[in-house]
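One structure is given here, and the rest of the page talks about it.
The values are calculated or read from the model by the stated rules, or taken from the named source; none is laboratory data. Keep in mind the model is a prediction, meaning the values are calculated, not measured. Methodologically, a virtual Cβ is constructed for each residue, glycine included, from the backbone with ideal geometry; neighbour enumeration extends over all protein chains shown.
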Amino acid sequence: MRKVTFPHMGVSVHPLTVLLQELGNEVIVPAEPTAGTLNLGTKYAPEFACLPLKITLGTYLEGLKRGADTIVTSGGVGPCRAGYYSSLQKRILESLGYSFDMIVFEPPRSHFRQTVTNIKQLNAARLSIASLGYLVYRVWLELLALDRLEAKLHQVRAREIETGEAEKRYREGVAAIQSATSPRAIKEAGKEALRFLEATPQMDRPEIVKVGIVGEIYVLLEPAANLYIERILGELHAEVRRSMSVTGWTMDNAVVEGGGFDVKKAAALYLPEMVGGHGQDSVGHTILYAKEGVDGVIQLAPFTCIPEIVAKGILPKVSEDYGIPVLSIFLDEQTGQAGLRTRLEAFVDMLRTKKLRKRAVA
């Protein structure tokens, strides 16, 4: 039986664990990345490699030390180094003496045969096509429920009366969704979790500001990579609108390859070409957030990320044209939470002052 591990990324961990287990594999569940995980990856990664490569490398090392013999990961397309992660990480790990298989899932529409081969390799239980389809459907429903619950948490946390109550209710909702084992039970658990979270005692706060978050997918979706920025913003009474979710990214890139057409259309005047990663998306989402009345945007990116550096050069012009403040934050192993919080406090205070002044004038 294969002992499989994979990168830790936000709410996707439990659904992927269920998927791999039902396929007949023993899963070495990746732990939430810590400072030790990052230090481990940084020790063996090239100096100027970006943060996601270092964290995932550290995660793989932790998994291999716990007995994993197979790593399942994703590939990438376009002019972005993410497409080379798996090859580089495999060579680094092998140079350290580890023997393992690495199964890389590329976008299925352009790599259909490889996707089928990968599934056959992992399908030790020899599930039929019908059973496999049912399993994928069940896992997809769990991902949808978790994404929706997380989005609701971002709204409620900014308005909660007692700090931490929304987070507590969210955790209980996550546990209920993860314990459900049938599509119907997952749907019901998701609805109940949303109702329970919405029932959090809240205060109508006139100082609430809405902050859109754009940027590179891993630092957006993995809280440990962005130093739990969404929680900090919620504590500052800022409602977070994140541009990407696991299910949204899957639909736009894995199912409908090259998707996100509204976002690309919005960015076309400023950045008409795909520059790799999510640089074009960062520009497009910022424009859409401005049109939706969001008060400000934070761009999150790994240090040395070329697509986001391109976007950062364009965003000041977008900010000027659409009157929406933009704060760019580049993250690496040197970034500290205290310094990040100070920058966020200043940015949120500026947005709040601007919003209250505009309301007073009106």
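Brief remarks follow.
- Qualifying residue in segment 55-67 (condition: assigned to a loop (DSSP other than H, G, I, E, B) and within 19 Å of T34 (Cα to Cα)): yes
- Counting only helices (runs of 4 or more DSSP H) that sit wholly inside segment 148-266, those with at least 1 residues that are hydroxyl-bearing (S, T, Y) and over 30 Å from K358 (Cα atoms) are 165-179, 217-221, 246-249.
- Tally of residues being outside any helix (DSSP H, G or I) and free of Cβ contacts under 8 Å to residues at least 60 places away in the same chain across segment 294-328: 6
- One residue from E192, E239, E216, E167 being outside the structural domain of V11 (by TED's automatic domain parsing), among the acidic types (D, E) and surrounded by 22 or more Cβ atoms within 10 Å (Cβ to Cβ): E216
- Considering (1) closer than 30 Å to K43 by Cβ; (2) part of a loop (DSSP other than H, G, I, E, B); (3) touching a residue at least 40 places away in the same chain (Cβ under 8 Å), the lone condition that P108 does not fulfil carries the number (1).
- Test: residue in segment 178-191 that is free of Cβ contacts under 8 Å to residues at least 24 places away in the same chain, under 25 Å from P7 (Cα atoms) and under 24 Å from the mean Cα position of the chain (by Cα): yes
- Some residue of segment 199-208 being under 30 Å from D332 (Cα atoms) and over 11 Å from the mean Cα position of the chain (by Cα): yes
- Condition check for L135: farther than 18 Å from E192 by Cα and in a helix (DSSP H, G or I): yes
- Being in the same structural domain as K54 (by TED's automatic domain parsing), under 17 Å from A45 (Cβ atoms) and not in a loop (DSSP other than H, G, I, E, B) is a condition met by no residue of segment 112-119.
- Here segment 22-78 is the region considered, the condition is being of a type in the set (S, T, Y) and more than 16 Å from R91 (Cβ to Cβ), and the residue that is surrounded by the fewest Cβ atoms within 10 Å (Cβ to Cβ) is T34.
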